[in-house]
Amino acid sequence: MKNPYVPESRASLAIISRDAPEAVKSGLREHIENIIETIPLVGVYKAISNHPDIAMLPVGYKKLVVAPSVYEYYKDKLEPFDFVVIKGAGEPGYKYPANIKYNAAILGNRVICSQDHLDEIAETELRSGDLQILNVRQGYSKCSLAIIGEAQGITSDVGLAASLREIGYDILLIEHGHIRLPGLNYGFIGGSMGLLSERELLIAGSLTHHPSWGIINEFLGKYNIRHIQLSQEQVIDIGTILTF
């Protein structure tokens, strides 16, 4: 199965947190025609209640498994664009690990997640696409991992980086923190990004403020990826910019 986090062509639709700063939303509209803002998950704490990567999981091309309480909203929004929207088995709970049912990353043919907490229907859909489950300790797998390509990513999680490097992925390890997440002490790099195309990376803010910016920029250059800063403010974790 082609990685749904890596668009085959330039994306024309994005799902973004309604809590994203207006400057970020405005910047995104310059690159993507169709933008769908999230609605909050009632049972999840406020700081992440509008994060796409808490409410849904891409499981194929234009195919999503969505938390039951917000299923009808996304079904109505996405079906006109020929999406398949599937109702998940469970509702994300208030705090970790109950809130990570749909928080999984994909690299190559592997789904990176905390398997014990992955939504059952999402797991079934992913396995039907011939993907293997890689069980890791970092439950916020998608939040923590910025997907740069089929086999490349960026994270500040030492254990996650080690696990992925061990099986052949090229993972850049950066300094922890320095990413805003209002209501919490810090956010994650994966939650601040999304690929516009295979060679264009959308960033919710400016990573030039990050102490690891030099090596991040070098890493992106290694794969000929152009970064697009959606605002000049400090980068913010908005629960991933999901692009299709």
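Can you tell me which residues in segment 12-43 are in a loop (DSSP other than H, G, I, E, B) and either open to solvent by less than 10 Å² (accessible area, probe 1.4 Å) or on the phi > 0 side of the Ramachandran plot (or both)?
Those that are in a loop (DSSP other than H, G, I, E, B) and either open to solvent by less than 10 Å² (accessible area, probe 1.4 Å) or on the phi > 0 side of the Ramachandran plot (or both): S17, A20, I32, T38, L41.
Mind checking whether some residue in segment 232-240 is closer than 23 Å to V136 by Cα and of a type in the set (S, T, N, Q)? Let's see the steps before the verdict.
So the first thing to find is which residues in segment 232-240 are closer than 23 Å to V136 by Cα, and the list is 237-240.
Next cut, of a type in the set (S, T, N, Q) only: 240.
Yes, the conditions are met somewhere in segment 232-240.
Is it the case that segment 218-226 has a residue that's assigned to a strand (DSSP E or B) and surrounded by fewer than 17 Cβ atoms within 10 Å (Cβ to Cβ)?
Narrowing segment 218-226 to residues assigned to a strand (DSSP E or B): 226.
In the following step, the residues that additionally are surrounded by fewer than 17 Cβ atoms within 10 Å (Cβ to Cβ) were identified as 226.
Yes, the conditions are met somewhere in segment 218-226.
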Cβ pairs under 9 Å, 6+ apart, first in segment 78-103 and free of Cβ contacts under 8 Å to residues at least 12 places away in the same chain, second assigned to a strand (DSSP E or B): E79/V85
Check segment 173-182 and report whether any residue there is open to solvent by 10 Å² or more (accessible area, probe 1.4 Å) and part of a strand (DSSP E or B). yes
Matching residues, segment 183-192, being under 15 Å from the mean Cα position of the chain (by Cα) and open to solvent by 20 Å² or more (accessible area, probe 1.4 Å): F188
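Starting from residues that are of a type outside the set (A, V, I, L, M) and either within 15 Å of T243 (Cβ to Cβ) or in contact with a strand residue (DSSP E or B) (Cβ under 7 Å, 6 or more places away or on another chain) (or both), keep the ones in segment 68-78 and report whichever is least open to solvent (accessible area, probe 1.4 Å). Outline the logic, then answer.
Taking segment 68-78 as the starting set, the residues that turn out to be of a type outside the set (A, V, I, L, M) are 68-69, 71-77.
Narrowing further to those that are either within 15 Å of T243 (Cβ to Cβ) or in contact with a strand residue (DSSP E or B) (Cβ under 7 Å, 6 or more places away or on another chain) (or both): 68, 71, 74-75, 77.
Working: P68: 41, Y71: 33, Y74: 0, K75: 53, K77: 92 Å².
The residue in question is Y74.
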Positions within segment 46-67 being under 21 Å from L184 (Cβ atoms), open to solvent by 10 Å² or more (accessible area, probe 1.4 Å) and either modelled with pLDDT under 95 or of a type in the set (D, E, K, R) (or both), in sequence order: K46
Flag for S197 being more than 19 Å from I36 (Cα to Cα) and either open to solvent by 70 Å² or more (accessible area, probe 1.4 Å) or not acidic (D, E) (or both): no
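The values are calculated or read from the model by the stated rules, or taken from the named source; none is laboratory data. Keep in mind it's a predicted model, so treat the numbers as computed, not measured. FYI the Cβ positions are ideal-geometry reconstructions off the backbone, even for glycines, and counts take in every protein chain you see. Only protein heavy atoms, including side chains, enter the accessible area calculation; ligands, DNA and RNA are left aside. Shrake-Rupley method; radii C 1.70, N 1.55, O 1.52, S 1.80 Å.
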